């Protein structure tokens, strides 16, 4: 009987073939023509889980089915919930793909296909590690629960319902998700922090109808003038947000975090050229990575008002509006931010202008302590899988499901990403490194071992 | 032989019938289906001038024809150019008219039809006064030149050409235009000042493509953020424009003007309710009329950037833009303003943002001295025609042709408006008071007499 590493080596090409099998199913959740394919993909996973001896179930929802599978409880050991998704983004524009999106092709050590990195390739690492464990070591050393949905790319609406209704069944000590990226090639990473968001729309209105700017200009507040004034006062020149109390709950970066970020091989010049700017900007006193990952921001996402067509129109428009959000960092509460924002905006709103503030959506950030035993176990596991100690990074965006797991199940999530930033998730020629696929499987197997050492 | 006033009384209903005749011609310059009607309207005026014994000509242009007619020179007397336009705005929305726009209907002493006040009714007052003069007093006491175009509502492009090519033929001492309004009912007015304009578009761009605001927010200047900051700094809270040197050439209001404006029956509460605002705004230290007529302004006419659709999109957009203008007062030069604006905007443009400033169009303001003998003559004539001394007002908008007459012919324009603000020029149910029509004819006849007393 081979040991686990030998088994993985022996089965490597079958794992790759199976990945390609799953990638061939065009499970595009946004495309109603793919409904059968969604069922095929869910069925494929269900059979895979059953073959491993897990108690597996295809859960029907109002939308695409989800697949739930679990191994038996292991007394005195933690329970781990593995989340993933089998749905993929639409593949268009098709003519920008070098090979067809649903005909996986291997080139230069990468498999090219829609869903390769996001998330089929990444999620299968955890399935394959279970197979290897069971084949070489016997029963799993802890209880695993797999929750694989088919609507991640379209908003996870029905997962939400399942999560609320089945929170007892989903009870666990920690969640594991592999749907993010390494810091760079050869630099595996654990994402331990996410930003939250508070998203708003502000509508301002003045006169009851559009006016002639010659006849009326100078006598009445112009709603676009007012909007630019209000928006410009939400942030100062040093990048500090001016909403009263905005920073009250911000968890400051620790010295360890700042040192960790500073040691990362981040090339500012390459970053500038990647996004096509000649200079970076943001809150004074913080590095670029700190500003992207761990400091709150204010960004306007859209603005409109008056005449946007060709040429000139001398209108004094009756209304204008803007969409904007604050990215929040852990401990900032989107509701508290909204509550502080409203009177602040009202205080900035000039006479003659009415304002309407719409709270669009909000989510708190997430942060897993670097001192948590789960985090240490994950770091060890990744090091064992990749042969390289992972770096600890944060991510500037939100992953809503992480927030929901915290809220509903009360647990932290370990974001162990095997992808690379240039994997073109959501774009043409999506790919996933097969070497990273196998490192991921090894890391996953090591993870079960490391996590089983922790008393739940 | 009746005297002139008796003649006007006797012919009053024929003048009204003739006005209705002209109003029945749907001379919509913007509508290519109306091409024949444009020729019919021009022909109607041409025949009318010929019938009066004037040397009249239909001048073909690349667009709609214009009509030029003149009476013989009168040595030692001024030459007066009367400008008007026979084209009208489109009539739609048709279902908002109580009676058909090209079937003139008289109700409550008003004639309702498209073009009634703008400008057929007003321009005919000067034609009818000539008829009355010739019929009762013999040759005109000064030389009159009539320049009636058919493209006022679509930009006067071909009048521009005629003006440049025929400036000698158009030589005159003063221009008379009746295409504006009285200050209110029973309050005739002479408009002696117009504002100019300097109109711009600013485009700002940052990253080379739209970015994810979670991943990149905080590291790069957001073009909409930048745009609101730049725009908000063009004007301060007291309504003072911040472009360096902006006020250098502003002609301050005289004590006489401020007293004249202050004495006008302007009802601020009624004005607020007319435009639907609860508070007025503008430059501190000036009354509402002063701000509308005689102080420069800064108004945004349009703004755009990022996502304007339903719901939220967490985009950090790569570009944004705005259209805006400064209304200028006499002596401010739009070119000097543009020259001062550019470096000021550049100084406000944050690192990481590129800006492009487009100078769209500019026109200086116009001001006729209240001490000018032409102005005194006009005031006397209006008082004789309306039985009421006119007030001296300004207008916040621009009338480009007034600027062009000043530039090309070197002469001032007397803006003697017989209309009312609620005449619905450009809107449904356009009307013109027949009483004002006749007051206008009487004023016009008096004007020829008063102007003839001035040595050219």
Packing-based order for A:238-245, B:221-228, A:82-89, A:417-424, using average beta carbon neighbours within 10 Å, highest first: B:221-228, A:82-89, A:417-424, A:238-245
- request: Any chance you could run the full-extension gain for residue B:169 through residue B:240? It's 0.36 nm times the residue separation minus the Cα-Cα distance, nm to one decimal.
  value: 21.1 nm
field: Residues residue A:96 and residue A:408, FRET efficiency given R0 of 60 Å [Cβ-Cβ distance, rounded to 0.05]
entry: 0.95
task: Rounded to the nearest 0.05, what FRET efficiency do residue A:340 and residue B:263 give with R0 = 45 Å and r taken as the Cβ-Cβ distance? Could you check?
output: 0.35
- request: Only Cα pairs under 8 Å and at least 6 apart count here; give the relative contact order of chain B as a rounded whole percent.
  value: 26 percent
- request: Provide B:70, A:21 in ascending order of the number of other Cβ atoms located within 10 Å of each residue's Cβ, fewest first.
  value: A:21, B:70
- line: For the range A:297-456, averaging the sequence separation of alpha carbon pairs under 8 Å that lie six or more residues apart and dividing by its residue count, the contact order in percent is 20 percent
- prompt: Over all residues in A:237-243, what is the mean tally of Cβ atoms on other chains that come within 10 Å of each residue's Cβ?
  reply: 1
message: To make sure I understand, if each residue's beta carbon is the centre and we count other beta carbons within 10 Å, what order do A:13, B:213, B:156 fall in, fewest to most?
response: A:13, B:156, B:213
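Averaged across A:345-358, how many Cβ atoms of other chains sit within 10 Å of each residue's Cβ atom? Present the calculation step by step, with values, prior to reporting the outcome.
Values: counts 0, 0, 0, 0, 0, 3, 5, 8, 4, 2, 0, 0, 0, 1.
Taking the mean over all residues of the peptide, I get 2.
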C-alpha long axis of helix A:4-23 to longest principal axis of chain A, angle in °: 50 degrees
- request: Measure nothing but the geometry: give the 0 to 90° angle between the long axis through the Cα atoms of B:121-137 and the longest principal axis through the Cα atoms of chain B, rounded to 10°.
  value: 20 degrees
task: Give the relative contact order (percent, whole number) for the range B:326-366; include only Cα pairs under 8 Å separated by 6+ residues.
output: 69 percent
Teacher prompt: residue B:74 distances to equivalent labels in other copies, 7 Å Cα→Cβ, nm: 11.3
- line: For residue B:279, inter-copy label-point distances (7 Å, Cα→Cβ), nm, shortest first, read 3.6
message: Can you tell me the orientation of helix A:373-386 relative to chain A, as the angle in degrees between its alpha-carbon axis and the longest Cα principal axis, to the nearest 10?
response: 70 degrees
message: Once each part is reduced to its C-alpha centroid, what is the distance from the range A:260-335 to the range B:153-215 in angstrom?
response: 37 Å
- request: Ignore the peptide's own chain and count Cβ atoms of other chains within 10 Å of each Cβ in A:279-291; give me the average, rounded.
  value: 4
- prompt: Cα centroid distance between the range B:384-426 and the range A:1-28, in Å?
  reply: 85 Å
- prompt: Taking the highest mean first, how do the peptides B:24-35, B:439-450 order by number of other beta carbon atoms within 10 angstrom per residue?
  reply: B:439-450, B:24-35
- prompt: Looking only at the range A:135-153, which residues have a backbone nitrogen under 19 Å from a spot 7 Å from the Cα of residue A:3 in the C-beta direction?
  reply: A:135-141
- request: For a footprinting-style exposure proxy, rank B:219, B:181, A:208 by other Cβ within 10 Å, fewest first.
  value: A:208, B:181, B:219
field: Exam field: residue B:3 pseudo-label spacings to other copies (7 Å along Cα-Cβ), nanometres
entry: 12.8
- prompt: Say R0 is 60 Å: what FRET efficiency, to the nearest 0.05, do residue A:256 and residue B:361 get from their beta-carbon distance?
  reply: 0.50
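Each value in this text was obtained by applying a stated rule to the coordinates, not by laboratory testing. Model, not experiment: these values are computed from the prediction. So basically every Cβ, Gly included, is an ideal-geometry build from the backbone, and we count neighbours across all protein chains shown.
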